[in-house]
Amino acid sequence: MIRNTLLLAAASAALMAAPALAQDATGQTPPPASTPSTAPAPASGTLQLQPGANVKGSDGSVLGTLEGVRNNDAGEQELTVRGTDGQLRGVPLGGLTQEGADVVVGWTSTEYQAAPAIAGAPPAPASSPAAAPPASDPGATPPPAPESDPEAEAEAEPVDPQA
């Protein structure tokens, strides 16, 4: 009787474990976490585009800074570049390469300047060098700080003696 019970228990355990053994183990394990020090180098032919990077034309001149990517009216992707004049223009991706942190596009500076500005684009940020007066400008003085008189403030606010 004990032998039958043991055989029945062993058979039950084997049947219960069978579905777990039949699962594919390769799809169940998570990939190992990569750390920045062991991360593989980007594959050849990939670009690391970062907003704020300098965008240069095929003639070597700096066109402006990279702001992002968008789809134009034709449905094609293009870079959005804020030019040195503060205007945001779309530049096609054709001829796109990277030189260090800089992005090089297939357009010359003449082609870029001839491109229309993107309608409805936000204005250049106020922190851009074109918008802020140069630090060496003698006429650019900071506004005076508001004067504070502690005695006048104390007189203006009565103090409740019971508080």
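The values are calculated or read from the model by the stated rules, or taken from the named source; none is laboratory data. Note that the structure is a prediction, hence the values are computed from the model and not measured. Neighbour counts run over all protein chains shown; Cβ positions are idealised from the backbone, glycine included. Keep in mind that these areas ignore ligands, DNA and RNA; they rest on the heavy atoms of the full protein, side chains included. Shrake-Rupley method; radii C 1.70, N 1.55, O 1.52, S 1.80 Å.
Worth pointing out:
- Residue within segment 135-143 that is surrounded by 12 or more Cβ atoms within 10 Å (Cβ to Cβ), at pLDDT below 80 and either in contact with a Lys or Arg (Cβ under 8 Å, 6 or more places away or on another chain) or outside any strand (DSSP E or B) (or both) present: no
Here is a yes/no grid of residues against (1) polar (S, T, N, Q); (2) modelled with pLDDT of 80 or more:
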| site | (1), (2) |
| --- | --- |
| Ser44 | yes, no |
| Gly52 | no, yes |
| Asp59 | no, yes |
| Thr65 | yes, yes |
| Arg70 | no, yes |
| Thr97 | yes, yes |
| Ala101 | no, yes |
| Trp107 | no, yes |
| Ile118 | no, yes |
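- For segment 75-92, filtering for residues that are open to solvent by 60 Å² or more (accessible area, probe 1.4 Å) and at pLDDT 90 or above leaves 3.
- Scope segment 106-121; condition assigned to a loop (DSSP other than H, G, I, E, B) and either over 12 Å from Thr80 (Cβ atoms) or open to solvent by 80 Å² or more (accessible area, probe 1.4 Å) (or both); matching residues: Gly106, Trp107, Thr108, Pro116, Ala119, Gly120
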